[in-house]
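Novice: Have a look at this one.
The values are calculated or read from the model by the stated rules, or taken from the named source; none is laboratory data. Note that the coordinates shown come from a computational prediction; the quantities given were computed from them, not determined experimentally. Please note: Cβ atoms are built from the backbone with ideal geometry, for glycine as well, and neighbour counts cover all protein chains shown. These area figures cover heavy atoms from the full protein model, side chains too; ligands, DNA and RNA do not enter into them. Shrake-Rupley method; radii C 1.70, N 1.55, O 1.52, S 1.80 Å.
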Amino acid sequence: MINKTCMNCGSSALRRFLDLGAQPNGNHFPSSEDFATEPKFPFAMAVCEDCWQVQIEEFPSPEFMFANHPYITGVNMPVVDHFNQLVEDVVTKFSIKKNSLVLDIGANDGTLLKIFGKAGMRTIGIDPGKRTGQLAREQGITVAETFWNEETANCFRQLNLLPDVITATAVFYHIEDIHSFLKGLCAAMHDETIFVTQCVYMKDVLEKFQFDHFYHEHTLMHNLIPLKRLFEQYGLKMIDVDFYPVHGGSFVLYVAKEGSSHVQKPSIPDAVAKEYEAGIADLKTYYQFAEQVEKNREDLCELLNELKRERKVVYALGAPLKGSTLLNYYGIGPDLVKVATEVNRFKIGRYTPGTHIPIVFEEAIEEDPDYYLVLSWNFIDYFRDKYKGFLTGGGRMIVPHPKVEIIEEG
């Protein structure tokens, strides 16, 4: 789908600030037989000068992107830890009673719903993923294999399934039609329902030059400035926001109906004010971001080529979706990075999209490399602890941004 207008406000005042070239979908991990037919898609990011929504210019069909989605929440321990904290925060903050109904949009393997279930809640999920949905159902978690939109929500309403809490973690920026999503949200909410959405924070992306948070699935990237306008259009109000370090910087936003008893906390206007101070509503901010991304590209490629000349062995730590964006845009392949290590069974034995670096099981590594390029840099603290022995033994890690950095023991 090609977006010629803003997906939020409908304006034609879109300004491209970063062109990442033609890239494969970063969640389709090919076998060697697939190399010749691997599809690539245009990949550029734009910002709307009217509402300051950041969005992708063109993306593949949602069915292509999500039907066989390989991401598994349950193997990502930092995210599981975060979900435990998130459930505790939601239940405490809004005094959610036991036996309340929780709907998770983009439920994946049911990890979040499982935690809500342990807290005494009834649960149901929505997710188009075939493989992850099966993993959820194997654990006794009900997940409907479909996309969330106005039609799906009306089915819930006809069944009188009006959730007390609706969650959408790492999915509210994966949407083809955000207006259909919100119409569905309103249809499924009763007067006091709380909508909880967790999103990568675009403000953090800009400040830390995390350009690899851009990929075809991330059709939209969110700040509160454009979201405030969007929610108000549908009679919804932002009532509170929390910030977490997970995913390199995320916000959890709490939304309710305008006529509900929920009162907006000072955290909302405070966050909006800080976004204006950070230049979110200034086109110059986005162009300066792109310039630093180019500088990091030059620095990392120069470092990897120098290590190659020194006959140092470099592996990639993780093969996340963000890693595909970085590897393809930087032109890094198996000549510079020998293999990528993973724990996700849907990726092991295959290759990184486009750049075709072999993906191997993390525990099958018999000899450590000299360096790990940390593609899953958003969990760097977790990896520093997990690979403490590697670092103590003289190994090093390369982190690609905010600036290219080498991490050593101590």
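Novice: Return yes when Gln158 is under 23 Å from Lys118 (Cα atoms) and surrounded by fewer than 19 Cβ atoms within 10 Å (Cβ to Cβ) and no when it is not.
Specialist: No.
Novice: For the stretch 216-329, give me every one of the helices (runs of 4 or more DSSP H) that falls completely inside it and has 3 or more residues that are without any contact (Cβ under 8 Å) to a residue 12 or more places away in the chain.
Specialist: Per the criteria, 267-277, 283-309.
Novice: Among the candidates Tyr351, Tyr382, which residue alone is more than 21 Å from Tyr330 (Cα to Cα) and aromatic (Phe, Trp, Tyr)?
Specialist: Within the list Tyr351, Tyr382, the selection yields Tyr382.
Novice: Out of the residues in the stretch 95-118 that are open to solvent by 40 Å² or more (accessible area, probe 1.4 Å) and assigned to a loop (DSSP other than H, G, I, E, B), which is nearest to Pro128 (Cα to Cα)?
Specialist: Asn99
Novice: For the stretch 6-41, which residues satisfy the criterion of being within 19 Å of Ala340 (Cα to Cα) and touching a Leu at 6+ places or on another chain (Cβ under 6 Å)?
Specialist: Answer for the stretch 6-41, where residues must be within 19 Å of Ala340 (Cα to Cα) and touching a Leu at 6+ places or on another chain (Cβ under 6 Å): Gly26, Asn27.
Novice: Still on this structure, I have one more. For the stretch 203-235: of the residues being among the charged types (D, E, K, R) and closer than 30 Å to Leu373 by Cβ, which is surrounded by the fewest Cβ atoms within 10 Å (Cβ to Cβ)?
Specialist: That would be Glu207.
Novice: Considering each of Tyr244, Tyr234 in turn, give the residue that is of a type in the set (Phe, Trp, Tyr) and touching a Cys at 6+ places or on another chain (Cβ under 7 Å).
Specialist: Tyr234
Novice: Suppose we filter Lys228, Lys284, Lys257 for residues that are more than 30 Å from Val80 (Cα to Cα) and of a type in the set (Lys, Arg); which single one remains?
Specialist: Within the list Lys228, Lys284, Lys257, the selection yields Lys284.
Novice: As an exercise: evaluate Arg311 against (1) at pLDDT 95 or above; (2) open to solvent by less than 60 Å² (accessible area, probe 1.4 Å) and give the number of the one condition it does not meet.
Specialist: So the condition that Arg311 fails would be (2).
Novice: Could you identify the single residue in Thr341, Thr355 that is more than 16 Å from Gly248 (Cβ to Cβ), open to solvent by less than 30 Å² (accessible area, probe 1.4 Å) and assigned to a strand (DSSP E or B)?
Specialist: Thr341
Novice: Which condition number does Tyr254 fail, the rest of (1) of a type in the set (Ser, Thr, Tyr); (2) open to solvent by 10 Å² or more (accessible area, probe 1.4 Å); (3) in contact with an Asp or Glu (Cβ under 8 Å, 6 or more places away or on another chain) being met?
Specialist: (2)
Novice: Let me ask something additional. For Asn84, are the conditions met, namely being at pLDDT 85 or above, over 18 Å from Met189 (Cβ atoms) and open to solvent by 20 Å² or more (accessible area, probe 1.4 Å)?
Specialist: yes
Novice: Give the number of residues within the stretch 358-377 that are in a helix (DSSP H, G or I) and either closer than 20 Å to Pro24 by Cβ or open to solvent by less than 20 Å² (accessible area, probe 1.4 Å) (or both).
Specialist: So the count comes out to 1.
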